[in-house]
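Working notes, beginning with the structure itself.
The values are calculated or read from the model by the stated rules, or taken from the named source; none is laboratory data. Every value quoted in this text rests on a predicted model; they were computed, and no experiment measured them. Cβ coordinates were reconstructed from backbone atoms using ideal geometry, including for glycine residues, and neighbour counts include every protein chain displayed.
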Amino acid sequence: MRMDKSQPSVSSSSSTSSSSSSPVVAIECVSGGSSKAEEWRGDMLQTGDVVVEVRIGTSPPVRSPFKGGKSAVQKLLHAASRRGETSARVRVRRGREEHVELQGCIVPHGPAGRKQYALLSIHDPNYAVSFVDRMESECVAMQGSRSSRVVTALSKAQLQDGYVSYAWEKKMSETLPISNSSSFLSLLILPKASDPDATSYNSLEDTLARANSWLISTQASGVPILFMNVQTEALLTKISGEKASSTVNTGSLSDLSNLANASLYGFEDYHGVDIGVVKAVRLWYTPAAGELPVEIRLREGDSKLGFAVSRTEEGFIYISSVIDGDDDTAASTRSGLRDLYREAARASKLLVISRVSNEKVLPWMVSSSGAIRCFDTVSLSNKLSLYRHALQPFVIHVLMWDQPPSRASSGESGRYEAASMPYLPPCASPPSESPQNSAFDASERLGRDTAGDVSFRFHDFSFSNSWV
């Protein structure tokens, strides 16, 4: 498509000097191109342009005036189509001196009737033009009003949206650090009930304060996490009785200001059911330096895994002690878990277990009674012992406090079975352990371990020592 402002040819000069009321063959855009804005580009043919020349293939050009008007042009196109000619070039005049050309293909134009043809641009197959009879004064008016039409078209133009397919399974499998499992960590904190019957709750500010204190206490205990974000989360519930009468409002706008700090408010649906909205708080956090996978490989004759687990007040399970000694008879030593434990103690951090076989074992909710819902150490120790008895290797993930230096994989030690194979040098001697850090006392008989609203109940287990 070519545009120029050269002096018009002799035939076009005679056309422009003729009366403005003379009939001409004009362009009519029948398709707006790849986007509707294509019609308004200066190098595209536009509705109202005056046709001054039509050239079929390599034949000599036919210039205006066209005897018979639009019918004469359509006869040219029809004859070319019957001969198998598909290429045509149209030259138009815009104003007095501006000329634009279109190279296109001759295609049938069904909406205009039988033996009617249009030109389809070879540069944009969605852009097509046809031919109409008009008075030159009409074309001049169209060309003069084009600016206003562009403004109108701009005001009506809308962005289009749609749906595109996405390879979710492939992305989740290939892009996540832990395949098919998110690295987003959070704790949902429900508002605390202010009475035993849970008919009223403390304010939103109280819930936020409890979330803040949990985070500070967790970090102070040595759990290597960082704050990310905090948000309120609406949970729907059915309420009735006194709770409904005290919380369900008539729906006036003046009530909205009273809901800003409320942990529970309600409304009545169309069927007369009282619906309550509980405003909980979700605290988002992240490991200080990511999660490190450690593969525990087992051998025939392993009597222990070589480490014990405990749980913090905030609900995190951590490795509280590891077996001493420099030999590789214990699985914890072969996997490098002993060295990680020593490095964590040196940094005054806890070696927190975040996942066991890709299953998260972090605290995830605080109930309305204030109890933290988390995993218990007894069932976890039992599961780890079953791995040992089955001689089945497994992977645990631990929260890291610092990025360890990487090294190449060496030997059969299998330490830190991660892609980067991080390495931590061993310490000269293990740090001292306080008695309260052990998972189970040797003489202790465990009946239950309370966590959350519901107590974890077990059979009367007896353990000879605290190791798994």
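Structure data summary
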read-out: Some residue of the range 125-137 being basic (Lys, Arg), out of contact with any Asp or Glu (no Cβ under 8 Å at 6 or more places or on another chain), touching a residue at least 12 places away in the same chain (Cβ under 8 Å) and over 24 Å from Thr58 (Cβ atoms); value: yes
read-out: Matching option when the condition is in contact with a Lys or Arg (Cβ under 9 Å, 6 or more places away or on another chain), farther than 30 Å from Val151 by Cβ, at pLDDT below 90 and not aliphatic (A, V, I, L, M), among Gly33, Gly110, Gly68, Gly48; value: Gly68
read-out: Glu359 vs. criteria of a type in the set (Asp, Glu) and within 20 Å of Ser379 (Cβ to Cβ); value: yes
read-out: Glu85 vs. criteria farther than 22 Å from Arg134 by Cβ and surrounded by fewer than 19 Cβ atoms within 10 Å (Cβ to Cβ); value: yes
read-out: Ala141 hydrophobic (A, V, I, L, M, F, W, C) and under 21 Å from Met44 (Cβ atoms); value: yes
read-out: Pair list, Cβ under 9 Å, 6 or more apart: the range 66-82 residue buried (at least 19 other Cβ atoms within 10 Å of the Cβ), other residue assigned to a helix (DSSP H, G or I); value: Phe66/Ala72; Phe66/Val73; Phe66/Leu76; Gln74/Ala112
read-out: Filter pass, Leu235 being in contact with a Pro (Cβ under 8 Å, 6 or more places away or on another chain), modelled with pLDDT of 85 or more, surrounded by 11 or more Cβ atoms within 10 Å (Cβ to Cβ) and assigned to a strand (DSSP E or B); value: no
read-out: Any hit, the range 294-310, residues being crowded, with 20+ Cβ neighbours inside 10 Å, assigned to a loop (DSSP other than H, G, I, E, B) and touching a strand residue (DSSP E or B) at 6+ places or on another chain (Cβ under 8 Å); value: yes
read-out: Residue selected from the range 327-343 under the condition of a type outside the set (Ser, Thr, Tyr) and touching a residue at least 60 places away in the same chain (Cβ under 8 Å), by the criterion farthest from Pro287 (Cα to Cα); value: Asp328
read-out: Filter result for the condition that a residue is closer than 20 Å to Ser303 by Cβ, assigned by TED's automatic domain parsing to the domain that holds Asp324, surrounded by fewer than 16 Cβ atoms within 10 Å (Cβ to Cβ) and not small (Gly, Ala, Ser), over Asn358, Asn382; value: Asn382
read-out: Which listed residue, of Ser200, Ser257, Ser252, Ser194, is outside the structural domain of Ser368 (by TED's automatic domain parsing), more than 35 Å from the chain's Cα centre (by Cα) and at pLDDT below 70; value: Ser252
read-out: Set Val52, Val73, Val62: member being in the same structural domain as Ser137 (by TED's automatic domain parsing), in contact with a strand residue (DSSP E or B) (Cβ under 8 Å, 6 or more places away or on another chain) and more than 21 Å from Gly95 (Cα to Cα); value: Val73
read-out: First in the range 94-111 and within 17 Å of Ala79 (Cα to Cα) and in the same structural domain as Gly84 (by TED's automatic domain parsing), second anywhere and charged (D, E, K, R) and surrounded by 14 or more Cβ atoms within 10 Å (Cβ to Cβ), Cβ under 8 Å, 6 or more apart; value: Gly104/Arg89; Ile106/Glu85
